[in-house]
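FYI, it's all coordinate maths here, none of it is from the lab. Keep in mind that what you see is a predicted model, and the values were worked out from it rather than measured. Virtual Cβ from ideal backbone geometry, glycine too; neighbours counted across all protein chains shown.
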Amino acid sequence: MLPSDFFQFGVNTEEKVTLPSLFFLYHIFLVLFPMNTSKALKFLIIWFQLVLVIPHRIFDFISPIYDLIIKGSTPSELITFLNLQGNEKVLEIGTGTGRTVQKISSLCKQLYLLDPSQLMLNKARKKIPCANFSLGYAENLPYPNDFFQRVFAIDSFHHWNNHRSAAAEVYRVLSFDGTFILFEFDPKSRFGHFIRSMEIFFRMGSKFFTPEELRVLLKKESFMVTHQQYIDHMTYATIAQKSK
Ligand SMILES: C[S@@+](CC[C@H](N)C(=O)[O-])C[C@H]1O[C@@H](n2cnc3c(N)ncnc32)[C@H](O)[C@@H]1O
């Protein structure tokens, strides 16, 4: 085991929680807050859940109530931007409970849905059982090169861990002329700012991009950004093309 393994608590894609790291933390805790062992242990367990496990597993925790608090199904703009002719392979990254794929469920076997939360994916599977499901991260897509004609992500990009490597992965799996569609909150809008503050408060590790920042990032990964527009007072869509 490398010394760095001691410090991996599951805040990144690797999700390593090692016993030595917990033991190490426990001793630091006892040094900082001397108290009897059973009290200290209880504190440590609660702290471990609140600070290390829940923020990273937040979507597993909220999966039972996600569809009750987040309303709406496939945005009509998504249908327009997808511009499907019927034979495309389509990937949604961060599909969650499958809230936004219901109106394209006729794609079925050509529809690929990926998410790192097993409990969110279970909900999606019930809605559209014939799609192809993968448990995974945007940063390491389990698909071959040039596989998809369309890739999209709704309200998910700001949760990704490494936006540049994820964008590079999307570029890799898209076919030439394929389209990447992103729906994101603008952190400069009033409600976008509120959501950003809430996600910081809950230590969700989110990073929000303004339309300009997103354009710059996608260009760095060789995308050609062809269109950006606001969908409502806080959400904007970005359409990017794989150009070579
Ligand atoms: C707010 S939900 C959005 C779900 C769905 N797209 C919707 O609009 O209802 C964000 C989703 O992104 C997923 N997610 C978080 N980090 C991710 C990553 N690195 N790669 C792919 N998906 C991720 C979460 O598990 C979660 O299901």
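General remarks:
- Mean residue ellipticity, 222 nm, helices only, the chain: the sum of -39500 (n - 2.57) across DSSP H runs of n ≥ 4, divided by residue count and rounded to 500, is -10000 deg cm²/dmol.
- Distance in nm between pseudo-label sites at residue 127 and residue 165 (7 Å out along the Cβ direction from Cα): 2.9 nm
- Cβ-based net charge around residue 195, under 14 Å, with every Lys or Arg adding one and every Asp or Glu removing one: -1
- Here 163, 233 are placed in order of increasing Cβ neighbour count within 10 Å, fewest first, which gives 233, 163.
- Of the trypsin sites (Lys or Arg not before Pro) found in the stretch 120-205, those that fall in a DSSP loop while having at most 16 other beta-carbon atoms within 10 Å are 188, 203.
- Taking other C-beta atoms within 10 Å as the exposure proxy, 239, 69 rank 69, 239 from fewest upward.
- Cα centre as origin, Lys/Arg/Asp/Glu Cβ charges: the stretch 66-242 dipole, Debye: 300 debye
- Ranking 142, 167, 119 by how far each Cα lies toward the positive end of the dipole of the chain (charges on Cβ) leaves 119 at the top.
- Rounded if a/c under 1.5, otherwise prolate or oblate - the stretch 66-242, Cα gyration tensor axes: rounded
- Above-threshold pairs, the threshold being 24 Å between Cα atoms, out of 220/244; 127/207; 188/219; 42/207: 127/207; 42/207
- Pairwise label distance in nanometres, residue 146 with residue 80, each label 7 Å out on the Cα-Cβ vector: 3.2 nm
- Prolate/oblate/rounded label for the stretch 101-193 (Cα gyration tensor, a/c 1.5): oblate
- Among 61, 180, 208, the ranking by other beta carbons within 10 Å of each residue's beta carbon, starting with the fewest, stands as 61, 208, 180.
- For the stretch 125-176: rounded, prolate or oblate by the Cα gyration tensor [a/c cutoff 1.5]: oblate
- Residue 103 paired with residue 37, simple spin-label distance in nm, labels 7 Å along Cα-to-beta-carbon: 6.1 nm
- Sequence-separation-based contact order of the stretch 113-212, relative, with Cα cut under 8 Å and 6+ spacing, percent: 25 percent
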